[in-house]
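Notes for the one structure printed next.
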Amino acid sequence: MTLMHALTMTKERGLIIPIPQVEPRTAIPLQNLRIPGPTPVPPAMLAELARPVINHRGPEFAAILRRVTARLQFVFQTNAPMLTFPASGTGGQECTLVNLFSPGEHVVAITIGHFGNRFAQIAERYGLQVTRIAFPWGEAADPAIVETRLHKLAPYRGVLLTHNETSTGVTNDLQTLSVLIRRQNPDALIVVDAVSSLGCIPLEMDAWEIDVAFTASQKGLLCSPGLMMLAAGPRAWEAKAQARLPRFYFDWARARAPLERGQHPVTPPVSLFYALDLALEMMLAEGLEAIFTRHRHLGEYVRKHVRAIGLHLLADPVSASNTVTAVRVPEGIDAKALLNTLRERDQVVLAGGQEHLSGKIFRIGHMGSCEVRDLFTALNCLQVRLKEFGFAAGTHREERLAQW
Ligand code: PLP
């Protein structure tokens with residue numbers, strides 16, 4: 001067969017893939033990114049991302065990995081081994097489940113929203129028997145109800161918890177919950193999704209006897225999306241030795257062995273490690289307590305001014321999150337149109353609601369690299385656009401920025 005003949009036949013069978021005609025790349029204007037992740041990456045970290053890539057098996061990367069691991073242990077407040085995986089927060093959920101449990105095992109999922117439900121769903125997909133202790137969206141888990149429910153349950157191996165529920169802007173009282181779980185079941189594995197809390201809201205893994213906690217780089221850690229970090233304590237490693245769910249990429253043992261030589265089990269996103277390295281240095285320079293205080297202030301600032309505009313919060317202020325605020329959309333306002341206008345006209349980017357809260361709430365992110373001035377501008381624009389949309393918005397400007 002001649003080449004021409006072969007080409008003709010390939011064409012006739014429709015096997016030639018044409019060069020794609022795609023929309024041209026365009027410049028994206030600088031945005032006031034106020035979604036609950038990914039969060040804005042400070043310029044110093046962006047510069048790190050632009051540095052030349054190095055050998056991930058060389059001494060320079062080993063030094064980065066040693067620094068990052070030790071500093072993450074401090075941020076998680078743990079002595080447990082710290083593992084990093086190229087993955088997102090969902091990867092953290094899956095990674096935890098496959099290392100800890102065996103098919104058919106009974107686990108409890110305390111869920112207060114979309115991400116708690118996702119954790120439970122992944123567990124079900126892997127064939128675990130899941131009992132949900134669910135609370136209405138917008139509320140935190142009530143410790144008394146959790147304790148009563150746990151008391152009545154058939155034996156269970158672990159409890160899955162979300163520290164901060166990003167879909168509703170609610171923070172669980174993790175310390176109280178972990179103490180009561182331990183009281184009810186001293187052997188239970190306490191597993192915490194800290195994706196939108198770690199590095200912003202206090203979490204003391206060892207002191208609170210948490211067995212596994214994980215987070216992702218794009219939320220409170222000032223870094224771009226793509227890295228998942230997980231700490232597993234001694235009880236979790238014992239459980240891992242017995243756990244029979246299949247795993248390879250996310251196997252903790254595969255990740256831990258090369259770590260001692262300053263290496264990663266797969267080719268790691270070197271550039272993200274540069275940024276994380278600097279991010280952790282900056283976080284420690286600011287100080288964990290100072291970061292927690294800054295987020296408390298940011299949370300209070302948003303809640304106060306959202307109310308001053310005349311809007312209503314989804315969460316009870318007692319359990320309202322200091323990293324993300326969910327705001328009820330006023331009657332008659334098209335949430336999608338409002339958020340589009342803010343993005344297109346003001347470059348202020350807010351997030352919508354998820355699942356049944358779609359169109360009913362919008363969410364303002366204030367975690368990681370965030371200052372009051374970013375929120376001041378975003379809230380000003382929100383107020384102006386709401387008025388244009390026919391809402392009798394109050395004014396939040398009366399509150400002087402200098403007070404914060
Ligand atoms: N858990 C929580 C609490 C989250 O907020 C998110 C994402 O926002 C996830 C899990 C899932 O993370 P990802 O979207 O990075 O996979």
At 7 Å along the Cα-to-beta-carbon direction for both Lys11 and Gln175, put a label point, then send me their distance in nm to one decimal. 7.4
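Would you work out if the stretch 88-167 is rounded, prolate or oblate? Take a ≥ b ≥ c from the square roots of the eigenvalues of the alpha-carbon gyration tensor; rounded if a/c is under 1.5, else prolate when a/b is larger than b/c, oblate otherwise.
Numbers: a/c = 2.21, a/b = 1.12, b/c = 1.98.
Verdict is oblate for the stretch 88-167.
Using square roots of five times the C-alpha gyration tensor eigenvalues, list the equivalent-ellipsoid semi-axes of the stretch 179-274 in whole Å, biggest first.
Semi-axes (√(5λ), whole Å): 25, 20, 10.
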Compute the Kirkwood hydrodynamic radius of the stretch 287-329, taking the inverse of the mean of 1/r over all pairs of distinct Cα atoms, and give it in Å to one decimal. 10.7
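Let me have the 222 nm mean residue ellipticity of the chain computed from DSSP H runs of 4+ only, each contributing -39500 (n - 2.57), with the sum over all residues rounded to the nearest 500. Don't skip to the end; give the middle numbers.
Numbers: 13 runs with 165 residues, N = 404.
Result for the chain: -13000 deg cm²/dmol, rounded to the nearest 500.
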The simple spin-label model distance between Glu344 and Phe74, using points 7 Å out along Cα→Cβ, in nm, is 4.7
Per GNM of the chain with C-alpha springs under 10 angstrom, the most fluctuating residue out of Glu139, Glu105, Glu331 is Glu331
For the residue pair Glu289 and Gln121, what label-to-label distance in nm results when each label sits 7 Å from Cα along the Cα-to-beta-carbon direction? 4.2
From the residues Ala194, Val68, Leu49, which one has its Cα farthest along the dipole of the chain in the positive direction, the dipole being from +1 and -1 charges on Cβ of Lys/Arg and Asp/Glu about the Cα centre? Leu49
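Are there trypsin sites (Lys or Arg not before Pro) in the stretch 261-350 that DSSP puts in a loop and that have at most 14 other Cβ atoms within 10 Å, and which ones? Numbers along the way, then the final one.
On the way: sites: Arg261, Arg294, Arg296, Arg303, Lys304, Arg307, Arg328, Lys336, Arg343, Arg345; in loops: Arg261.
Those that pass, being in a loop and sparsely packed, are Arg261.
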Among GluC sites (Glu not before Pro) in the stretch 252-330, those in a DSSP loop whose Cβ has at most 11 other Cβ atoms within 10 Å are Glu260
Among Ala27, Ala285, Ala140, which one shows the biggest mean-square fluctuation in a GNM of the chain, springs joining Cα atoms closer than 10 Å? Ala27
Of all chymotrypsin sites (Phe, Trp or Tyr not before Pro) in the stretch 212-289, the ones in DSSP coil with at most 10 other Cβ atoms within 10 Å are Phe248
I need the helices of the chain that pass two filters: whole DSSP H segments spanning 20 Å or more by Cα along the axis, and mean Kyte-Doolittle score no lower than 0.0. 59-76, 270-286, 372-388
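How much length, in nm to one decimal, is gained on full extension between Gln129 and Lys152, taken as 0.36 nm per residue of separation minus their Cα-Cα distance?
Values: separation 23, 0.36 × 23 = 8.28 nm, distance 1.60 nm.
Length gained, Gln129 through Lys152: 6.7 nm.
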Roughly speaking, what % of Cα-Cα pairs in the stretch 347-389 are separated by over 12 Å, rounded to a whole number? 67
Report for the chain the percent antiparallel among DSSP-assigned beta bridges with both residues inside it, nearest 5. 50
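Any idea what the relative contact order of the stretch 20-123 is, in percent, if you count C-alpha pairs under 8 Å spaced at least 6 apart?
Numbers: 25 pairs, mean separation 12.6, N = 104.
Relative contact order of the stretch 20-123: 12 percent.
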log₁₀ I(q)/I(0) of the chain at q = 0.07, 0.09, 0.12, 0.15 Å⁻¹, via Debye over equal Cα point scatterers, no solvent, to two decimals? -0.37, -0.60, -0.98, -1.34
How high is the FRET efficiency between Phe248 and Ala392 when r is their beta carbon distance and R₀ equals 41 Å, given to the nearest 0.05? 0.10
Going by the alpha-carbon gyration tensor, a ≥ b ≥ c the square roots of its eigenvalues, is the stretch 137-240 rounded (a/c under 1.5) or, if a/c is not under 1.5, prolate (a/b greater than b/c) versus oblate? oblate
Over the Cα atoms of the stretch 81-217, what radius of gyration and what Dmax do you get, in Å? 13.5, 39
Set Lys240/Lys360; Lys219/Lys304; Lys152/Lys219; Lys304/Lys360, cut-off 30 Å on Cα-Cα distance; pairs above it are Lys240/Lys360; Lys152/Lys219
For the stretch 239-364: rounded, prolate or oblate by the Cα gyration tensor [a/c cutoff 1.5]: prolate
At 0.36 nm per residue, minus the direct Cα-Cα distance, what do Ser358 and Glu331 gain on full extension? Give it in nm, one decimal, please. 8.3 nm
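Rank these for me by crowding, Cys370, Cys223, going from fewest to most other beta carbons within 10 Å. All intermediate terms of the calculation are to be shown ahead of the outcome.
Numbers: Cys370 22, Cys223 29.
With the sparsest Cβ surroundings first, the list reads Cys370, Cys223.
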Which distance in Å, rounded to a whole number, links the C-alpha centroids of the stretch 154-217 and the stretch 287-313? 23
So, R0 is 22 Å and r is the distance between the beta-carbons of Ile145 and His106; what FRET efficiency does that work out to, to 0.05? 0.70
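No value in this document is a laboratory result; all are computed from the given coordinates. Given the structure is predicted, the values throughout are model-derived calculations rather than measurements. Cβ: placed from backbone, ideal geometry, glycine included. Neighbour counts: every protein chain shown.
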